[in-house]
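A.B. asks: Supplied in structure tokens, the structure appears directly below.
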Amino acid sequence: MASAPGTSENPLRVAIIGSGPSGFYAAGHVLNHKAHPGLVAEVDMFDRLPTPWGLVRGGVAPDHPNIKAVSRVYEKTARHPGFRFFGNVEFGRDIFHEDLLARYHAVIYAVGAEADKRMGIPGEDLPGSAAATAFVAWYNGHPDHRHHQFDLSSRRAVVVGNGNVAMDVARMLALTPDELERTDVADHALDALRGSAVEEIVLLGRRGPAQAAFTNPELRELGEMVDADVVVDPRDVVLDEHSSASIEGEGDLTARRNVEILTRYSEARAAGMRRRIVLRFLVSPVSIVGEDRVEALEIVHNQLHPDQSGGLRARATDRRERIETGLVFRSIGYRGIALPGVPFDQQRATIPNREGRVLGPNGQPLRGEYTVGWIKRGPSGVIGTNKKDANETVDRLLEDVATGELLGPADPSPQSIEALLGERRPEHITYVGWAAIDATERSAGEPHGRPRVKLTSFEELLAAARERVPS
């Protein structure tokens, strides 16, 4: 009879689906736990892309290299002798739920929230209307989005949303070519943005400045743009009594500072720069107008009213307005996507769980299945939020090691999954292959003073992985 998992003879074998921040934080906590000294663990991480790091590679704006530096933490985890990476392997196509249950003591789902929320208004599917997530993936060189085309010939672009992704989109449209050329923005996007005719970027928030989801640094950074004025109507920063009360005293400090920053912008005199970023509040889109493509956006002005939960809800008034534009990006949130064979809450668009333990249809935890990150809690927080979230899940997993509440795999040997992938997905990418991709991109960027020149197709990435560039 095999010993309990966690010994050198029978290591705890954990599969992690997804290689973004939450997946890597989970892997690091499994492999470097301190609460269970002597526990021997091995982690196999799978990702549909040939490249790891998730939104750190494909979602962080190119002009924010300091945020991407968190990848050094993930590289440290990847150097652990118990860690393996299998890229270019898709759950539900190359490996399946039953494959993992037969080969691992525990499975952690860390797939994030890939889909975007729709506005649900007429004209949303007209050319010139797009998800901000698609634009972000396009300029970051995601292989699924490299062939997208965004018509940047319009003088005005409108971004619907008041979060950091909306801010990233606005900033990318306002950066100068010189600023962009020092980043790792995808070359196809760099070429298009160089020729952009966009002069004004308008961000729309359905509630007031005290409810905006920007973080303080993101909002403050707008005032440091090289060639873009930030415009806020002074009337937009006059708070209603409920918003004022929400940020006073022991109220929301982030919101209070956002209001202070926005107030400074409203008081500043425009410097006549080449581009303008206009921040507007208490407005919602009601329709996108156009024959063959976007020509204008119709919006309604809102008022705030207290709701039963103690928050403030935006209600439409009868005042409407038309904004002439040829480009509209929606940035109103993300949604998770169901995984084959894994429970899914359609309303919340997450995997149902209790402290990371996946719950079955009867509301009870499923043996040996866990979740972390946005697919666990919804799309909230910043990159660092995922560390605490992942630690909570892994702590529950380690508790289940002690009580024997894990899976009983038929063949947990490391060779078993290798043999399976050798048959089904022989072109899978190991971490050595990713290191080769990484070296190729960095080498291409070095002569131009760029951190890297990204490879943006599966063919290019797989070809570079085969090179096995020495470290």
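The values are calculated or read from the model by the stated rules, or taken from the named source; none is laboratory data. This structure is a prediction, so every number in the text was calculated from the model and none was measured. Every residue, glycine among them, receives a Cβ derived from its backbone with ideal geometry; neighbour counts consider all protein chains shown.
A.B. asks: Among the candidates Leu455, Leu407, Leu397, single out the residue that is surrounded by 19 or more Cβ atoms within 10 Å (Cβ to Cβ), in contact (Cβ under 8 Å) with a residue 24 or more places away in the chain, touching a His at 6+ places or on another chain (Cβ under 6 Å) and not aromatic (Phe, Trp, Tyr).
C.D. replies: Working: Leu455 fails: touching a His at 6+ places or on another chain (Cβ under 6 Å); Leu397 fails: touching a His at 6+ places or on another chain (Cβ under 6 Å).
So the residue among Leu455, Leu407, Leu397 that is surrounded by 19 or more Cβ atoms within 10 Å (Cβ to Cβ), in contact (Cβ under 8 Å) with a residue 24 or more places away in the chain, touching a His at 6+ places or on another chain (Cβ under 6 Å) and not aromatic (Phe, Trp, Tyr) is Leu407.
A.B. asks: Taking region 50-82 as the region of interest, how many residues are within 18 Å of Gly112 (Cα to Cα) and either hydroxyl-bearing (Ser, Thr, Tyr) or out of contact with any helix residue (DSSP H, G or I) (no Cβ under 9 Å at 6 or more places or on another chain) (or both)?
C.D. replies: 3
A.B. asks: State all residues of region 209-233 that are within 18 Å of Thr385 (Cβ to Cβ) and either in a helix (DSSP H, G or I) or aliphatic (A, V, I, L, M) (or both); if no residue qualifies, say none.
C.D. replies: Of the residues in region 209-233, the ones within 18 Å of Thr385 (Cβ to Cβ) are 213-218.
Hits for region 209-233 are Ala213, Asn216, Pro217, Glu218.
A.B. asks: Would you confirm, using the coordinates I've provided, whether Ile95 is on the phi < 0 side of the Ramachandran plot, in contact with a strand residue (DSSP E or B) (Cβ under 7 Å, 6 or more places away or on another chain), assigned by TED's automatic domain parsing to the domain that holds Arg354 and modelled with pLDDT of 95 or more?
C.D. replies: It is true that Ile95 is on the phi < 0 side of the Ramachandran plot, in contact with a strand residue (DSSP E or B) (Cβ under 7 Å, 6 or more places away or on another chain), assigned by TED's automatic domain parsing to the domain that holds Arg354 and modelled with pLDDT of 95 or more.
A.B. asks: Still on this structure: Report yes if Lys388 is basic (Lys, Arg) and surrounded by fewer than 18 Cβ atoms within 10 Å (Cβ to Cβ), otherwise no.
C.D. replies: It is true that Lys388 is basic (Lys, Arg) and surrounded by fewer than 18 Cβ atoms within 10 Å (Cβ to Cβ).
A.B. asks: Name the pairs: first residue in region 306-329 and in the same structural domain as Ser244 (by TED's automatic domain parsing), second residue among the basic types (Lys, Arg) and part of a strand (DSSP E or B), Cβ to Cβ under 7 Å, at least 6 apart or on different chains?
C.D. replies: Short answer, once both residue conditions are applied: Asp307/Arg313; Glu324/Arg156; Thr325/Arg156.
A.B. asks: Moving on to the next point. Take the residues in region 81-118 that are among the basic types (Lys, Arg) and part of a loop (DSSP other than H, G, I, E, B), then tell me which one is farthest from Pro412 (Cα to Cα). Full working, then the answer.
C.D. replies: Residues of region 81-118 among the basic types (Lys, Arg): 84, 93, 103, 117-118.
Among the residues that remain, those that are also part of a loop (DSSP other than H, G, I, E, B) are: 93, 103, 117-118.
Values: Arg93: 21, Arg103: 4, Lys117: 39, Arg118: 42 Å.
So the residue we want is Arg118.
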